Every structure is written in structure tokens, then in C-alpha cells.
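A.B. asks: Okay, here's the structure, questions in a sec.
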Amino acid sequence: MTEQIFAVGGAIRDALLGLPVKDRDWVVVGSTPERMAALGYLPVGKDFPVFLHPVTRQEYALARTERKTARGYKGFAVQASPEVTLEEDLARRDLTINAMAVAQAWTQGTPSAEHIRQHLQDPYGGLQDLEHKVLRHVTPAFKEDPVRILRVARFAARFPDFTVAPETLALMREMVQGGEVDHLVPERVWQELARGLMGELPSRMLEVLRACGALKVLLPEVDCLWGVPQRPEYHPEIDTGVHLMMVLDMSAQLQQPLPVRVACLCHDLGKGTTPTADLPRHIGHEQRSVRLLQGLAKRLRMPVDCRELAEVVAREHGNIHRSGELNPAATLRLLERCDALRQPARMLAVLWACECDARGRAGRQDQAYPPRQGLTAALDCVRSVATAPLARQAQQEGLSGQAIGERIQAAQIQALLHLQNL
């Protein structure tokens, strides 16, 4: 059998959509590991027959089939041989829009969408689903890999005008009910959630995960926010879960980085629980949110920058919203609790997350958020105070330790008072 090379997956999908093609994946039909090595390709990984091109370093995978052998996304037996056809290889992919291919000869340079259409290998109707904006599984083998549930949700966030095919959603529910999601490893869950949060409309990811029941399994702290009313002054007919989706979409609209979006996801977790039946859920929810976030971050092995930013936002967002009412001393204490003087860049990210929270409400999407401008100016003001000369002067006066710190704080408060009076 003569070996053939095809471009597959996301590169074909994005080219047909007129989107920039960033990475290209290749599948090699009719070859062997020995043949690839003889051609100079470098083998990578232990589980799959994947090779790096000797010049471009792009990934080339031998055509393969997969057979389910155990629960979880690693429970597969892989068979790669020259007899595996392109159609058989495409059958193991998740969605029809990712199961299209074009021979390498027709992908040189930057081919147009029309050029790709003319040479498309599309055994599972991916082009039609792409045109009708449908996310549909390729074969019933979809249910063998629980990561695919997260991938569908992530694609829904990236392509918010696409709908999930009813039969695919039903299959996802069946997978959740069968316990497949329980066996996902934290790293894969975090990887897919993070990519979904960076989508064009992150709320769609939560919407899809809720619809199939996976959100309750993967992020129970988030799932229980639906049905929790907002404060009366915040459109109580819109519950906290809906508000959360609006906050996430605002973070995408403002093009915020991942740590800010994670903070938006986690800032109100404490509203899903309440210590006593007669205590409104929004009272004291900040500390509850921090505790729940810490547990979630540990479970998902969340990166430190995301966890630390989210903790500050969860704990302080209420105080930041009300910062215009604070006197200079209280403003300085707020900045110190946020560690803003040591980490000014992170403080700016905290303020953006709080702005997303404030504007993620019906009728407030286009409103200004004065606390961001006010606290940014306050931070600049405090940082402009030259502390070294103050410390030297205090030492010359015989002061030490806490007394020097109090002298510096007094100067910083005075600077904030001057700023307030301008």
C-alpha cells in the first residue's frame, strides 16, 4: 500500500470557516514506525504512533483505530498499521467538523476554502454540519472518551452560534449517567475548561455542561449557583448562575486573560451554600467563596497565578465595589490586603475582574466602573510616596520596626487624602 499524507482536523475546519490556521495536524496512511524513522521523523510519546517532521517539527500520526478497554480517557488499546484506512482513522475523532481531511498535495501554502472544498475527504458529513453550524458526534464510539464532553462544551464556547445535535447531547447525558466523567483526570479537565473559558462566549460551555449533567459532577460548586436569587437591587429575577454566565461573557467581551476569567468563574461560589436557613446567601459569601475556591483549585490542580488572583477577587470584590465610600486609611488597608503595592499588575487584573462582575448584569453592560479608575489612581498615588527617605528620617529620630511602618503609612494616607481633595 502506497503511503499517503493528509491534513486533518482543526486546520481543515478553520480553513473552511475562513479562520486563521495556526497548527496543522497530519495523518499518514499506509506507513509504519520503521518507515517513518527511516525518513528522519522523530518518534514522540509512548501511547500513540506520533512523529515529528525532521524539518518543520509538525506532528505526523500514523492512521490508527482505538478500542475501549477500561474507563476514563486513557482506557484505550491503539492499533496502528498500514492497513488502517483514512476513513477508519477519521471515525475515531470526536465531531464531524473535526473529521475531515485533505491530501497533503492540496494543502501547500495557504489554500482557499473553495480549493479545500474541491479536494475534501469527508466521509461523515462534516462540511454539511459546518454549514448548518451543528456540533455532532462522528460515531457511537464518541461515548468511549469522556474528555469529548468537555471538548463539545469548549467548542460551543468557541463557536457560540453552533448548536449541539440532540442525539449528541443525549449521548453525553448517557455518558454522565454511566459514570464516565467521574474518571477524568484533573489535568485534562483543567486543560479543557481553561480553553473553554478563553472562548468567544464562555457561558456556552457552562450551558452545555449543565444540559448534559456534567457540570454537577465536575464543578458542583458552580452548578449549585443556579436557582440562587440575586440581591433585590440586582434584578432578583436573574439568578446567580445566570449572572455568572453574564460575568464570564463580559470578561470575554473585554478580552481578559485566563486568570481574570477564572476569577470571574469563582468569585461568587459562596452564594451556593449558606450556613443557616435564615441567613441570606449573599451575607458573608466572600469567605465561603474563598474556601470553596481553594478546594476547587486543589482538585483541578489550578495554576498558582489563577488561584491567587481568584482568591483576592473572591475575598475583596464587595469591598472593591464599595471603595468609593472608603476614607484614605481604609483605602490603604484595602490595597494592602490585595498586596497591591508588591504586585501592582495583579491588582489591575483584580480590578478588571471586579468590573466584569459589576457590568455582568442586565442593563449594566455598558456602564462605567468608577472603582477601577479610582483604585488605580489610589495605587499610583501610594506607590509614588518615597518610602526610603521616610524610613531613614524615622531612624534618625530613633524610631524602629513598627514605628517606621506607621510613619510610612501616615505619609501614604496623607497622599491619598490629597488625592481625594483634588
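A.B. asks: How much of the DSSP bridge set in the chain is antiparallel, in percent, rounded to the nearest 5?
C.D. replies: Values: 22 of 27 bridges.
In the chain, DSSP labels about 80 percent of beta bridges as antiparallel.
A.B. asks: Specify the angular offset, from 0 to 90 degrees and rounded to the nearest 10, of the alpha carbon long axis of helix 344-359 from the longest principal axis of the alpha carbons in the chain.
C.D. replies: The answer is roughly 80 degrees.
A.B. asks: With only Lys, Arg, Asp and Glu charged, each at its Cβ (+1 for the first two, -1 for the last two), find how big the charge dipole of the chain is about the Cα centre; round to the nearest 20 debye.
C.D. replies: Working: 50 positive and 50 negative charges, 171 e Å.
Using Cβ point charges on Lys, Arg, Asp and Glu, the chain gives about 820 debye.
A.B. asks: What ranking, highest mean first, results for peptides 359-370, 303-314 when packing means the other Cβ atoms within 10 Å averaged over each residue?
C.D. replies: Numbers: 359-370: 13.9, 303-314: 20.9.
Peptide ranking by packing, descending: 303-314, 359-370.
A.B. asks: Next up: Whole-Hz ³J(HN,Hα) for each residue in segment 130-142, computed from phi via Karplus 6.51 cos²θ - 1.76 cosθ + 1.60 with θ = phi - 60°, x for glycine and proline: what do you get?
C.D. replies: Using θ = phi - 60°, the values come out as 5, 5, 8, 6, 10, 9, 10, 6, 7, 9, x, 4, 3 Hz.
A.B. asks: Using only the alpha-carbon atoms, how far is helix 304-321 inclined from the longest principal axis of the chain? Give it as 0 to 90 degrees, nearest 10.
C.D. replies: The angle comes out near 50 degrees.
A.B. asks: Also: Please turn the phi angles of segment 171-184 into ³J(HN,Hα) values with the Karplus equation 6.51 cos²θ - 1.76 cosθ + 1.60 (θ = phi - 60°), one per residue in order, whole Hz, x for glycine and proline.
C.D. replies: Residue by residue, segment 171-184 yields 5, 5, 4, 4, 5, 5, 5, x, x, 4, 5, 5, 9, 6 Hz.
A.B. asks: Here's another thing I want to ask about it. Using modelled backbone amide H atoms (1.01 Å from N, in-plane), which distant-in-sequence or interchain residues come within less than 5 Å of Asp25's amide H?
C.D. replies: Hits under the 5 Å cutoff: Val8, Ala11.
A.B. asks: Something else now. Report ³J(HN,Hα) in whole Hz for each residue of segment 195-200, in order, from the Karplus equation J = 6.51 cos²θ - 1.76 cosθ + 1.60 where θ = phi - 60°; Gly and Pro get x.
C.D. replies: 3J(HN,Hα) across segment 195-200, in whole Hz: 5, x, 4, 8, x, 5.
A.B. asks: Between their Cα atoms, which of Lys216/Lys298; Lys22/Lys133; Lys22/Lys298; Lys216/Lys271; Lys22/Lys216 are more than 25 Å away from each other? Please list the in-between numbers first.
C.D. replies: Working: Lys216/Lys298 17 Å; Lys22/Lys133 21 Å; Lys22/Lys298 32 Å; Lys216/Lys271 16 Å; Lys22/Lys216 34 Å.
Result: Lys22/Lys298; Lys22/Lys216 exceed 25 Å.
A.B. asks: Would you mind checking the tilt of helix 240-253 against the longest principal axis of the Cα atoms of the chain, expressed as 0 to 90 degrees and rounded to 10?
C.D. replies: So the inclination is approximately 80 degrees.
A.B. asks: To continue, here is another question. Once the convex hull of the C-alpha atoms of the chain is built, how many Å³ does it hold per residue, rounded to a whole number? Before the final figure, lay out each step's value.
C.D. replies: Values: hull volume 85.6 nm³, N = 422.
In the chain, the Cα hull volume divided by residue count equals 203 Å³.
A.B. asks: Once amide H atoms are placed 1.01 Å from N in the peptide plane, what residues at a sequence separation of 5 or more from Gln58, or on another chain, have their amide H within under 5 Å of its amide H?
C.D. replies: Long-range HN contacts for Gln58: His53.
A.B. asks: Listing Ser384, Ser289 from the residue with the fewest other Cβ atoms within 10 Å to the one with the most, what is the order?
C.D. replies: Taking fewest neighbouring Cβ atoms as first place, the list is Ser384, Ser289.
A.B. asks: If you don't mind, another one. For n ≥ 4 DSSP H runs only, could you compute -39500 (n - 2.57) per run for the chain, divide by its residues and tell me the 222 nm figure to the nearest 500?
C.D. replies: Numbers: 20 runs with 215 residues, N = 422.
Calculated from helices alone, the mean residue ellipticity at 222 nm is -15500 deg cm²/dmol.
Each reported figure results from applying straightforward, stated rules to the coordinates on display, with no laboratory input. Being a predicted model, the structure only gives us computed values, none of them experimental. We place every Cβ from the backbone using ideal geometry, glycine too, and count neighbours over all the protein chains shown.
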